[in-house]
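Chemist: What follows is a single structure, and I will ask about it in a moment.
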Amino acid sequence: MKKLGVLSVLLIGILGCAILNQSTIEIDPSQLTSPTNPELVDGNLETVSTFGLNGHVEKGYEVQGGLTPRGNNSSELKYVTSIKGGFRTEAVIKLDSPTYITYIEIYPESRIPRLAIVTTLDDPPKFETSFEVVRDKQHANIDSKQPVKIQINREVLYLRLTADGIQDKKNSVRVKDEKSPFGGRNRITEKNNASRIQIPLKGASIREVKFYAREKL
């Protein structure tokens, strides 16, 4: 019985070492799909996929305040920044079957602000109610075009990447208001006469997302 116990311990140790030393293999792109961003997983680093986004940042003067309890007007101009439309953008990748993914590699083509990743085994995916957050590099800002390795270490069927939009300042436009920001009162200054600037938002661009799984023993 003592010999059996020793053999069991040795067997567990051998299996444990085998798992720890288990090599990873790249998932073939044919096992990955992305209906909205197919270039993310086409296996070609020359192609680029850009996240879709419809929104803009609006900066300008806005009247704030109103009548005080005594009836005095306390309105004043304040410079504010607001988001019109979408600001957060996403792409979803599906594996052909649930697979234990050790890590992924992202090949950026642009900045990726506040990158976040979640996964789910639900089919169809219910990202709003049932998903697992990937903690590695959560909400990180990717500022270079070097590949970024992100640890997953779980079974995955769907993986969703999200990121903030990027301000396209080169294509910003100034919008002139015909009315005074003070509602017609004669208190317009040269500074606030043209009171709004609209800056389009564009999505981040990625050349490829590669998936790596444990090699089966």
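Chemist: Does K145 fit the bill of being more than 26 Å from L201 (Cα to Cα), over 15 Å from the mean Cα position of the chain (by Cα), of a type outside the set (S, T, Y) and in a loop (DSSP other than H, G, I, E, B)?
Modeler: No, not satisfied.
Chemist: Scan the stretch 175-217 for residues that are of a type in the set (D, E) and at pLDDT below 55 and jot them down.
Modeler: Selection gives E178, E190.
Chemist: Regarding the stretch 71-80, can at least one residue be identified that is modelled with pLDDT under 85, touching a Ser or Thr at 6+ places or on another chain (Cβ under 6 Å) and in a strand (DSSP E or B)?
Modeler: The answer is no, given that none of the residues of the stretch 71-80 is modelled with pLDDT under 85, touching a Ser or Thr at 6+ places or on another chain (Cβ under 6 Å) and in a strand (DSSP E or B).
Chemist: If you don't mind, there's one more thing I want to ask. Pick from V63, V41, V48: which is surrounded by fewer than 18 Cβ atoms within 10 Å (Cβ to Cβ), touching a Ser or Thr at 6+ places or on another chain (Cβ under 7 Å), at pLDDT 85 or above and of a type in the set (V, I, T)?
Modeler: Testing whether each residue is surrounded by fewer than 18 Cβ atoms within 10 Å (Cβ to Cβ), touching a Ser or Thr at 6+ places or on another chain (Cβ under 7 Å), at pLDDT 85 or above and of a type in the set (V, I, T) leaves just V48.
Chemist: Give the number of residues within the stretch 149-173 that are out of contact with any Lys or Arg (no Cβ under 7 Å at 6 or more places or on another chain), modelled with pLDDT under 95 and in a strand (DSSP E or B).
Modeler: Qualifying residue count, the stretch 149-173: 2.
Chemist: Same structure, new question: Taking only pairs six or more apart or across chains, which ones have beta-carbon atoms under 6 Å, a first residue in the stretch 152-163 that is of a type in the set (D, E, K, R) and surrounded by 16 or more Cβ atoms within 10 Å (Cβ to Cβ), and a second residue that is at pLDDT below 95 and not in a strand (DSSP E or B)?
Modeler: R160/F127
Chemist: Give I93, I106, I117, I112 a once-over and let me know the one that is within 29 Å of H56 (Cβ to Cβ), of a type outside the set (G, A, S), in contact with a helix residue (DSSP H, G or I) (Cβ under 7 Å, 6 or more places away or on another chain) and crowded, with 16+ Cβ neighbours inside 10 Å.
Modeler: The conditions single out I93.
The values are calculated or read from the model by the stated rules, or taken from the named source; none is laboratory data. Keep in mind it's a predicted model, so treat the numbers as computed, not measured. Here Cβ is always computed from backbone atoms with ideal geometry, including for glycine, and neighbour counts include all displayed protein chains.
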